[in-house]
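Structure first, then comments.
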Amino acid sequence: MANLQVKDVPDELHVQLRNCAARRGKTIRDIVLGAVRHELDHESFLARLETRSTVELGVPITDLLRDEREERDRRL
């Protein structure tokens, strides 16, 4: 397995990482690797999204979203 070293991490960021890890019962390593994985997954998702063709819905998406939210609110 490879090693990765990050230099010159601002003290405030390091404290935030340490506190986040403690709250979650994880290590700083776990938090950092999770963030890196998330970023790479997001980049991969965006690359896949760019290959998809657009879909014409016939109505503005804002209208559909508004209608769905209103329906959801009525059910609640």
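Worth a mention:
- Of the residues making up the stretch 2-58, those that are of a type outside the set (A, V, I, L, M, F, W, C), assigned to a loop (DSSP other than H, G, I, E, B) and surrounded by 10 or more Cβ atoms within 10 Å (Cβ to Cβ) are Lys26, Thr27.
- Contact annotation: no residue pair with Cβ atoms under 6 Å, 6 or more positions apart or on different chains, pairs a residue in the stretch 56-74 that is touching a residue at least 60 places away in the same chain (Cβ under 8 Å) with a partner that is not acidic (Asp, Glu) and not in a helix (DSSP H, G or I).
- Residues that are among the polar types (S, T, N, Q) and modelled with pLDDT under 95, drawn from the stretch 19-61: Ser53, Thr54
- Per the conditions (1) touching a residue at least 12 places away in the same chain (Cβ under 8 Å); (2) more than 17 Å from the chain's Cα centre (by Cα), the sole criterion not satisfied by Ile31 is (2).
The values are calculated or read from the model by the stated rules, or taken from the named source; none is laboratory data. This is a predicted model, so every value here is computed, not measured. Neighbour counts run over all protein chains shown; Cβ positions are idealised from the backbone, glycine included.
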